[in-house]
1. Could you list, in sequence order, the residues of region A:16-27 that are touching a helix residue (DSSP H, G or I) at 6+ places or on another chain (Cβ under 6 Å) and closer than 19 Å to residue A:232 by Cβ?
2. Within region A:138-175, work out how many residues are within 14 Å of chain B (Cβ to nearest Cβ) and more than 21 Å from the chain's Cα centre (by Cα).
3. For region A:81-96, what are the residues that are closer than 12 Å to residue A:70 by Cβ and in contact (Cβ under 8 Å) with a residue 40 or more places away in the chain?
4. Check off (1) more than 14 Å from chain B (Cβ to nearest Cβ); (2) over 20 Å from residue A:242 (Cα atoms); (3) surrounded by fewer than 19 Cβ atoms within 10 Å (Cβ to Cβ); (4) touching a residue at least 40 places away in the same chain (Cβ under 8 Å) for residue A:59 and give me the number that stays unchecked.
5. Taking residue A:282 and the conditions (1) within 14 Å of chain B (Cβ to nearest Cβ); (2) surrounded by 22 or more Cβ atoms within 10 Å (Cβ to Cβ); (3) assigned to a loop (DSSP other than H, G, I, E, B), which numbered condition does it fall short on, given that it satisfies the others?
6. Of everything in region B:129-169, what is modelled with pLDDT of 90 or more, within 26 Å of the chain's Cα centre (by Cα) and over 21 Å from residue B:207 (Cα atoms)? Give them in sequence order.
7. Working only within region B:181-202, note down all residues that are buried (at least 19 other Cβ atoms within 10 Å of the Cβ), touching a residue at least 24 places away in the same chain (Cβ under 8 Å) and outside any strand (DSSP E or B).
8. Do we have residue A:82 as in contact with a helix residue (DSSP H, G or I) (Cβ under 7 Å, 6 or more places away or on another chain) and either surrounded by 13 or more Cβ atoms within 10 Å (Cβ to Cβ) or part of a strand (DSSP E or B) (or both) here?
């Protein structure tokens with residue numbers, strides 16, 4: 001049994017503007033073990049990115065953590081990241097060093113006016129006592145760790161001189177330069193081509209094996225979730241609707257939203273041309289006007305027209321280790337992916 | 001089945017300009033000798049990674065670009081001998097054909113004018129093509145909106161009031177306004193969320209059977225392409241490397257690049273965690289493609305001949321076209 005690295009309890013991150021209040025993260029609780037790969041899946045606007053930014057305390061203005069705890073465990077002591085000042089020395093010592101992040105778009109998250117080497121050695125010298133020369137050496141070391149060809153040459157290049165895949169490798173190198181205990185990867189391969197995506201996913205898998213860090217993998221791509229993660233959290237409208245190990249989630253989903261998502265994607269090697277995909281009706285609700293009761297009720301095919309519309313379901317354990325927030329979880333008949341393949 | 005479109009040896013080169021007088025110092029061979037046909041009523045998929053030339057090819061066909069060389073033979077109405085070479089027409093001569101070939105774009109946020117209402121957006125192609133009566137336009141727009149699954153009362157609203165999926169429906173309604181024969185769909189679902197993507201794919205399927213449409217479906221997502229296309233052409237650095245029926249291509253690919261593409265897609269099944277065939281290196285630069293086969297620096301099956309001699313696209317048994325010197329001897333892995 002591995003130790004808990006991070007525990008999020010009833011996290012609430014809200015955005016308040018003249019248009020109203022958006023509950024981007026609305027009461028999320030989960031636990032992350034050290035060395036584990038946790039997947040967070042959901043469609044745009046579900047709060048998955050804001051949740052990860054809440055952990056690092058880099059939520060963009062006017063977002064604010066208004067409730068809950070983010071307990072980070074280090075050497076037997078527990079630090080509540082949610083209670084720290086986002087500008088404090090304490091969080092800055094953790095951010096980038098112990099918990100690092102890789103973003104979706106390496107072109108916008110790397111500085112265009114500094115070389116790759118300067119940016120990585122800055123991160124190194126910020127957190128560790130390294131001389132300039134030693135930092136440069138360490139930079140070359142991490143660049144070769146991420147499979148960068150000719151790291152001695154790449155170190156003096158600017159981001160625009162590199163391809164998308166190379167930039168993403170540079171960003172991963174920067175994130176890993178201080179050997180973090182947790183790497184948060186927010187859609188790290190979404191902007192990349194499939195063959196480049198395969199390279200980056202293989203790289204992350206290898207690095208995790210070598211360095212033993214925990215990875216929080218945020219994506220909308222169920223394929224990436226299935227291939228990369230141990231445990232999965234499904235988010236919808238700022239809430240966690242299901243939490244399960246990856247096998248149970250795909251083969252025995254318990255929340256109607258999870259079930260519907262699994263069947264709305266075309267599956268490589270098994271779809272028939274001209275066949276119909278199962279559709280989730282409607283679209284994601286306006287974040288300023290979240291439906292009452294269960295936030296998914298107006299798109300759910302099991303909506304009972306009564307309790308689902310009035311009472312917000314709470315997370316409960318439906319099967320051992322598998323949690324879902326649906327009044328009818330365990331009662332409704334949801335198909336996992338194995339059954340879908342059997343049907344002609 | 002009759003061919004609606006035949007593309008022959010199509011080329012589109014973009015000059016690379018440098019210096020004070022913008023002298024051309026080189027060429028990007030975005031599309032470099034592509035030939036294929038699209039049969040009436042079918043969906044032909046065009047897949048490849050970014051920079052392979054698939055979008056440029058689509059834009060040549062709708063004649064947003066003037067091709068550098070080659071023929072685009074269109075068998076639609078208004079041609080004298082049944083077929084017309086669109087590549088040689090310009091300006092006013094193209095007009096009757098523009099109506100018959102429409103395009104759906106990737107980005108539903110960038111492709112609709114934010115200052116026009118739906119009535120203006122969808123009615124504009126009608127107006128341009130001579131429909132003057134405002135009531136007729138209104139009726140037609142209302143009908144088009146209901147065809148794509150939007151309420152006709154929404155025609156007075158502006159695009160910002162709609163979600164990504166709804167905007168894509170607006171783009172589709174606009175493309176349908178003039179009863180086209182061929183629609184070039186350029187990544188129509190890649191900007192959409194998965195649940196909405198399924199709605200749009202189903203809508204495109206419904207419209208095809210209702211109106212007898214022919215699609216050229218440009219995409220990078222191989223699962224989506226498998227779902228919607230009858231035949232698929234795979235592009236790499238400006239050339240088609242493989243083309244055949246969808247089921248055959250996915251079950252038994254003959255080109256090493258297709259095999260790698262299929263293998264690279266993360267399968268949404270945690271019990272099938274095979275390590276993918278990871279290609280080394282990156283897509284070749286179309287301004288400076290490698291000698292011989294453009295794929296040879298990344299190909300795991302490369303032999304000496306591949307480095308010097310460029311393979312031509314050859315038909316094999318059953319209409320399976322492959323451009324690879326070793327196509328006959330290799331036993332490649334499909335999806336599954």
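The values are calculated or read from the model by the stated rules, or taken from the named source; none is laboratory data. Quantities reported herein were computed from a predicted structural model and do not represent experimental measurements. Neighbour counts are summed over all protein chains in view; Cβ atoms, including those assigned to glycine, are modelled from backbone coordinates with ideal geometry.
1. Filtering region A:16-27 down to residues touching a helix residue (DSSP H, G or I) at 6+ places or on another chain (Cβ under 6 Å) leaves A:24-25.
If the condition is that a residue be touching a helix residue (DSSP H, G or I) at 6+ places or on another chain (Cβ under 6 Å) and closer than 19 Å to residue A:232 by Cβ, then A:25 is the only one that fits.
2. Residues that pass the stated criteria total 9.
3. A:82 - this is the single residue of region A:81-96 that is closer than 12 Å to residue A:70 by Cβ and in contact (Cβ under 8 Å) with a residue 40 or more places away in the chain.
4. For residue A:59, the exception is condition (3).
5. It is condition (2) that residue A:282 fails.
6. Within region B:129-169, just B:159 meets the criteria.
7. B:181, B:187, B:188, B:189, B:191, B:192, B:193, B:196, B:197, B:199, B:200, B:201, listed by residue number.
8. Values: in contact with a helix residue (DSSP H, G or I) (Cβ under 7 Å, 6 or more places away or on another chain): no; either surrounded by 13 or more Cβ atoms within 10 Å (Cβ to Cβ) or part of a strand (DSSP E or B) (or both): yes.
So residue A:82 does not fit the description; no.
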